[in-house]
Amino acid sequence: MQDFLSELNWMLILSLIGASAIVAYVGDVVGMRIGKRRISLFGLRPRYTSSFITVLTGILITVVTLWFLSMTSETVRTALFSMKFVQRQITQLTSQLQGSRQELQEMEFKLFASQEDLQKKQSELKAAQDKFEAVLAQLAQSRKDLKVQADRSEAVEAERVRLEGELKGLEAKRASLEKSVASLRSEMESLKKGLEQVREGRIIVLAKEVLGQVPLPAKSGKEAVKQALKTLVEQARVELALRSGLKPEQVRILSETENELENPDPFTGKAERLVLRLVAGSNAVREEPVLVSLESQESRLVFRKGQVLGKKRIAVALKREDAERELFVLLREVNTLSVKEGVIPDPLRGTVGNLSAGDFYGSVEKMTEIEAPTTIVVEAEEDVFSEGPVRVKIILKPSS
């Protein structure tokens, strides 16, 4: 109630009451005066004139009230003069409100449907996101696997390249080996033929075999060279005669180069010491001419007489087999050293000298009988030049 009273426009109400009271009072005063004076208006009797004044006063009260309200309140003015317009507007607005409410209901229905669709889409989106995350995880794993496979592929490619290189190398080796095998087969066939001839006792010399050698001092004259060449041919004839059972003069020696064995000019007056070698050019059988070639090489002093060429220390007596093996290994080392220092080896055997069986087995016997640590020493028996041969002696000395 207090809220309602507080909301009233008391100023307006009081103003209306005051104005109505003033207009009623003025009307009453005017009516009374007209009644006392018994004034007649419009030909009416005074009593009716007073009533007319009263009615007019009421009308004025109403007019003044409406005017005052209109002047003081826009709402009243609108209600008095624009009521139909306001009603039409209210009707239109009510119709629009109803339409808006229907639209709102439709929109709420659509919103509800949209919310359902949104929830469905959100569910689909969540499922898609989960699937996307799973696909991302699979993609990351696939990338890792791809990287591993790429690394493996690179390793396999590198291995393939390496194997191809090895294959090419092996193919080259195979081709080389095939050539070597073909050469060896050819040589084997040749050796078989030579062996057959040897078994038949017909081959007296093998290809590349040294038939003789003579040293030629430095600055040798023509006659000295002729004599050396003659000596070289005689050595070869004597050696071949011993092998074939023929007389030396029956052995025929031919040079691969015309007049090579009679021409001293290439070797005359040389400043260095030379060695001349007569080498067989091919296999030869008994009563067949022997084809030879003349080789010359510089001759120099390699080892001096008494020079130690090798040594080996043994602590106790050895068995015969062990002693033979140790001595053989030591002599092989001496042979290797000689070739390394410049001694020309035999083309067929690759050796640079020889040792008598007596010296070899005599030393073996001594090695089986020692009673204290002993050093086996191999010394040069004489000065050794590059043409050889390397003649050695074996000495057993007590180890200190």
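The values are calculated or read from the model by the stated rules, or taken from the named source; none is laboratory data. For clarity, every value in this text was computed on a predicted model and none was experimentally measured. When we count neighbours, we look across all protein chains shown, and the Cβ atoms used for this are built from the backbone with ideal geometry, even at glycine.
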With Leu254, Leu242 as the choices, which residue is of a type in the set (A, V, I, L, M) and touching a strand residue (DSSP E or B) at 6+ places or on another chain (Cβ under 9 Å)? Leu254
Picking from Gly245, Gly281, the residue that is touching a Ser or Thr at 6+ places or on another chain (Cβ under 7 Å) and among the small types (Gly, Ala, Ser) would be Gly281
Flagged pairs (Cβ under 6 angstrom, 6 or more apart or on separate chains; first in region 262-285, without any contact (Cβ under 8 Å) to a residue 60 or more places away in the chain and within 18 Å of Ser299 (Cα to Cα); second surrounded by fewer than 18 Cβ atoms within 10 Å (Cβ to Cβ) and of a type in the set (Ser, Thr, Tyr)) are Leu274/Ser296
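To keep it simple, each residue is scored yes or no on (1) in a helix (DSSP H, G or I); (2) at pLDDT 85 or above; (3) in contact with an Asp or Glu (Cβ under 7 Å, 6 or more places away or on another chain); (4) surrounded by fewer than 12 Cβ atoms within 10 Å (Cβ to Cβ).
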| position | (1), (2), (3), (4) |
| --- | --- |
| Glu154 | yes, yes, no, yes |
| Glu157 | yes, yes, no, yes |
| Arg174 | yes, no, no, no |
| Glu178 | yes, no, no, yes |
| Ala182 | yes, no, no, yes |
| Ile204 | no, no, no, no |
| Gln213 | no, no, yes, no |
Take the residues in region 265-274 that are surrounded by 15 or more Cβ atoms within 10 Å (Cβ to Cβ) and in a loop (DSSP other than H, G, I, E, B); name whichever of them is nearest to the chain's Cα centre (by Cα). Arg273
In region 301-333, how many residues are surrounded by 18 or more Cβ atoms within 10 Å (Cβ to Cβ) and either assigned to a helix (DSSP H, G or I) or touching a Leu at 6+ places or on another chain (Cβ under 8 Å) (or both)? 7
Specify which of the listed residues (Glu262, Glu295, Glu234, Glu249) is in a loop (DSSP other than H, G, I, E, B) and surrounded by fewer than 19 Cβ atoms within 10 Å (Cβ to Cβ). Glu262
When residues of region 229-245 are filtered for being over 17 Å from Glu295 (Cβ atoms) and not charged (D, E, K, R), how many remain? 6
Looking at Arg277, Arg243, which is the one that is of a type in the set (D, E, K, R), crowded, with 19+ Cβ neighbours inside 10 Å and not assigned by TED's automatic domain parsing to the domain that holds Val343? Arg277
